[in-house]
Amino acid sequence: WSGPTLPPLSATAMALRTLVAATAALAAATAAAEHHCVGRLAHEVLRSEVEGDWVAVRPAPSKDHECTALGFPGLDGDRRLCVGVNHDETCRTAKNPVVPLPLHARCQGCFVGASTDVFYSLNITRLHVESIGIGFRGSTILSTLQVDDDEGRAGRSRKGSKNFGETPLEFNVKLGGLDLDIKVSMPTELTYDIEARESAHGDVGARIEVDMGDNYIEYTKGQGWSHKKDKMQFKVGPIHEGDYDTMANVTLGFKSSLRAEIGPLAWFHVNVANEVPIGVSSVGTSGADLLHSCLDMGLKLDVAHEAEVDFSILEHNFTQHWGPHADRHHDGAVLHKCKDLHPPVPEEMTVVV
């Protein structure tokens with residue numbers, strides 16, 4: 001007697017049995033999860049027990065507190081990564097009070113600082129890229145550009161630029177047999193164009209804030225590229241201090257490329273370029289109690305992103321490029337203001353664009 005005949009398994013039961021079996025097989029073939037930090041963000045690494053079979057990395061927010069406790073050179077007051085030019089440890093003000101510029105100009109209190117978090121994810125199976133992602137979270141670029149003109153040379157125009165290279169922040173991670181250097185940097189070029197009346201004295205500048213939020217890219221095999229970005233916001237405010245009888249036209253700006261690289265596998269750039277034309281006039285005499293002062297300001301801003309995946313190992317070669325694609329563009333006047341003031345005149349305000 002063979003006992004009662006059992007009813008056939010339902011489709012759901014068969015699917016559950018298959019899932020349990022697959023999960024058990026994966027657990028048997030998977031090493032214990034490892035974790036590493038990129039700044040204050042934790043990442044979980046899963047890999048096959050069979051060397052080179054597969055490796056996967058994904059953000060692990062539940063472990064972020066462990067990375068924050070470690071600390072790392074290059075973090076700002078909020079424990080985020082800080083990269084740029086002449087920024088202090090807060091990433092919100094200048095480290096050195098003066099930055100020399102060509103043609104007898106100097107930048108007073110100038111800095112450009114990007115405060116950000118960097119994350120990445122990847123899945124490589126049997127030497128093939130299944131998916132890879134990289135980008136920035138909660139990014140803000142703050143800058144102060146203020147040209148100091150106090151040498152009696154204002155009668156001739158001065159136009160120049162200065163490039164600032166930067167040693168990247170680096171994080172070395174091991175993914176099974178892969179040894180990767182994750183690099184974060186922001187090379188920057190400062191630009192200026194000054195025209196002013198002979199013997200005039202004045203400090204003219206601008207404060208610029210670019211709030212980018214999240215901006216990241218991902219490539220998935222069979223689906224192609226996808227891009228996630230938050231709506232960007234910009235703030236600009238003038239800095240003006242001048243004597244009587246001053247007339248000046250100044251255009252200040254910077255070009256920065258916020259960059260993240262995963263060794264030779266992939267890179268992601270967010271490129272920010274801006275120009276701020278400023279016109280200043282203060283009409284009066286040295287004995288006057290009041291000066292009639294006018295300030296005009298414009299703003300030209302362009303933000304774009306670009307990415308590439310380049311995976312080459314043994315006979316396997318895989319390359320995909322994305323962009324550049326524009327994220328935001330603005331070109332127009334943002335401020336016109338006139339009033340009577342006592343000299344010298346400090347002028348500060350903020351305009352949200």
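Before moving on, here are some points about what is shown:
- When the strands (runs of 3 or more DSSP E) confined to region 158-261 are screened for residues that are modelled with pLDDT under 90, those reaching at least 3 such residues are found at 158-164, 169-175, 178-185, 188-196, 202-220, 233-242.
- Region 216-231 - residue that is within 24 Å of the chain's Cα centre (by Cα) and polar (S, T, N, Q) and, of those, surrounded by the most Cβ atoms within 10 Å (Cβ to Cβ): Thr220
- Pair list, Cβ under 6 Å, 6 or more apart: region 158-172 residue more than 20 Å from Leu252 (Cβ to Cβ), other residue open to solvent by 50 Å² or more (accessible area, probe 1.4 Å) and not β-branched (Val, Ile, Thr): Pro168/Lys183; Glu170/Asp181; Glu170/Lys183; Asn172/Asp181
- Residue list for region 123-145, filter: surrounded by 14 or more Cβ atoms within 10 Å (Cβ to Cβ) and at pLDDT below 90: Ile124, Thr125, Leu127, Val129
- If you go through region 264-280 and pick out every residue that is open to solvent by 30 Å² or more (accessible area, probe 1.4 Å) and either touching a helix residue (DSSP H, G or I) at 6+ places or on another chain (Cβ under 6 Å) or over 20 Å from Asn215 (Cα atoms) (or both), you end up with 3.
- Checked against the criteria, Arg106 does not count as in a loop (DSSP other than H, G, I, E, B) and open to solvent by 30 Å² or more (accessible area, probe 1.4 Å).
The values are calculated or read from the model by the stated rules, or taken from the named source; none is laboratory data. Everything numeric here is computed off the predicted structure, so don't read it as measured data. Here Cβ is always computed from backbone atoms with ideal geometry, including for glycine, and neighbour counts include all displayed protein chains. Calculation scope for accessible area: heavy atoms of the full protein, side chains included, ligands and nucleic acids excluded. Shrake-Rupley method; radii C 1.70, N 1.55, O 1.52, S 1.80 Å.
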